[in-house]
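What follows is a short report on a single structure.
The values are calculated or read from the model by the stated rules, or taken from the named source; none is laboratory data. Bear in mind that the values here come from a model prediction, so they are computed numbers and not experimental data. Heads up, the Cβs are rebuilt from the backbone with ideal geometry, glycines too, and the neighbour counts pull from every protein chain shown. Ligands, DNA and RNA are stripped out before the accessible areas are found, and what is left, the full protein with its side chains, is counted by its heavy atoms. Shrake-Rupley method; radii C 1.70, N 1.55, O 1.52, S 1.80 Å.
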Amino acid sequence: MSVKKVPDAEGCTLTLLEVDGLMFPTFPADVIRGVPDLELRDDDILISGYPKAGTHWLFEVLRVLLRGSCDGGGMEKDDFMIEMVPQDQLAKKPSPRILNTHVQFTSLPKEIHKRKTKIIYLLRNPKDSAVSFYNHHRKLVEYYDYHGKLKDYLRLWVGGKVDYGSWFNYVRSWHEGLRSHPDIPSLSVVYEDMKEDALSQIRRISHFLGLSHDDAFLRKVDDWCSFKRMRERKGKYDLTPEGQPIMYRKGEVGDWKNWFTIADNEWFDQVYKDRMTGIDLSFRYTI
Ligand code: A3P
């Protein structure tokens, strides 16, 4: 276990924690190492997605669906992040817990197999994921201390020299993991589908959780969890020095177009083609 300053091509560094050969944010190493042995409960639900897939949004949707009412409730996604929050604290949380993680399928708590934990797997197109993670790394200065340019950052991101490693390895791990474990109940949710028609996706999620909410309530959930409303309620908790919310930045599909040059885009498309061979997935980059 050691803290690493990972350099990009221009020498700007990203501060990360290496634990047993894998890269993480600078969370407690013992908590990271403890993830495979985390004790689960039968009614736990697990959200997983590569960083910046929209986990805070999905957590809030699940929270209000399970609670059956749209109100503050005081539960935050980060309080249930299994590679960050010590196990004794997770053990004190009331059921049902909405656990969440960015680890690969093979690194999940072993008990998911015994408990048949319900998993909601969140996907987002890689171009917007990379841009969102770039902004995250640039803005969380006290964690990452990264000041590089997008062009150089994209090389780090593609090469997996970021926390949780490469998006490509992550998506492959989950694709193959879920496919080879059909006994684990899972639902895949795509960020772009949520943006296009959140109500339909919230309805799917509600059914998957075995809840029977009427459409009037589902519409309320949709509104309560809209980007604008979540940003107003929660954006104030983590701000850049200029006063901009860090976790609720733009919330759009296609922002990558404001960041990628034509050359970045052509290069990225080729990398995607090379790295995703044999994976029958396609993403929407605009809606
Ligand atoms: P952007 O940086 O593109 O704006 P995560 O929660 O996994 O860290 O993902 C963060 C991304 O989800 C950010 O993307 C954030 O703005 C977006 N997001 C958060 N809440 C959202 C919401 N209610 N609707 C749409 N996008 C949301």
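Observations, loosely collected:
- Helix-only [θ]222 nm of the chain, DSSP H runs n ≥ 4, -39500 (n - 2.57) each, per residue, nearest 500: -12000 deg cm²/dmol
- Pairs of Cα atoms nearer than 8 Å and 6+ residues apart set the relative contact order; for the range 2-275 it is 23 percent.
- Computed across the range 109-166, the Kirkwood radius stands at 13.3 Å (inverse of mean 1/r, all Cα pairs).
- Taking 7 Å steps out from each Cα toward its Cβ at ASP42 and ALA29 produces label points 3.9 nm apart.
- Here the range 64-134 is treated as an ellipsoid with the same Cα gyration tensor; its semi-axes, largest first and in whole Å, are 22, 19, 13.
- Cleavage-rule hits, GluC sites (Glu not before Pro), the range 54-133, DSSP coil, Cβ neighbours within 10 Å at most 14: GLU76
- Share, in percent, of DSSP beta bridges within the range 1-123 that are antiparallel, nearest 5: 45
- Rg ratio for the range 81-218: its Cα radius of gyration over 2.2 N^0.38 Å, N being its residue count, equals 1.20.
- Binned Cα-Cα distance frequencies in the chain - 10 Å width, integer %: 6, 28, 37, 24, 5, 0
- Mean Cβ count within 10 Å, highest first, over the residues of peptides 255-261, 90-96: 255-261, 90-96
- Scattering curve values for the range 1-86, log₁₀ I(q)/I(0), Debye with Cα scatterers, q = 0.12, 0.17 Å⁻¹: -0.50, -0.87
- Lysines with Cα under 29 Å of LYS220, excluding same-chain neighbours fewer than 8 positions away: LYS52, LYS77, LYS93, LYS118, LYS195, LYS228, LYS234, LYS236, LYS250
- Share of pairwise Cα separations in the range 162-241, more than 16 Å, in percent: 67
- Both radii are taken from the alpha-carbon atoms of the range 193-287; with Rh as the Kirkwood radius, Rg/Rh is 1.07.
- In this Cβ point-charge picture (+1 for Lys and Arg, -1 for Asp and Glu), the range 2-275 has a dipole of about 240 debye about its Cα centre.
- Rounded to the nearest 10 degrees, the inclination of helix 167-180 to the longest alpha-carbon principal axis of the chain is 40 degrees.
- Solvent exposure of the chain as accessible area per residue, Å², 1.4 Å probe: 46
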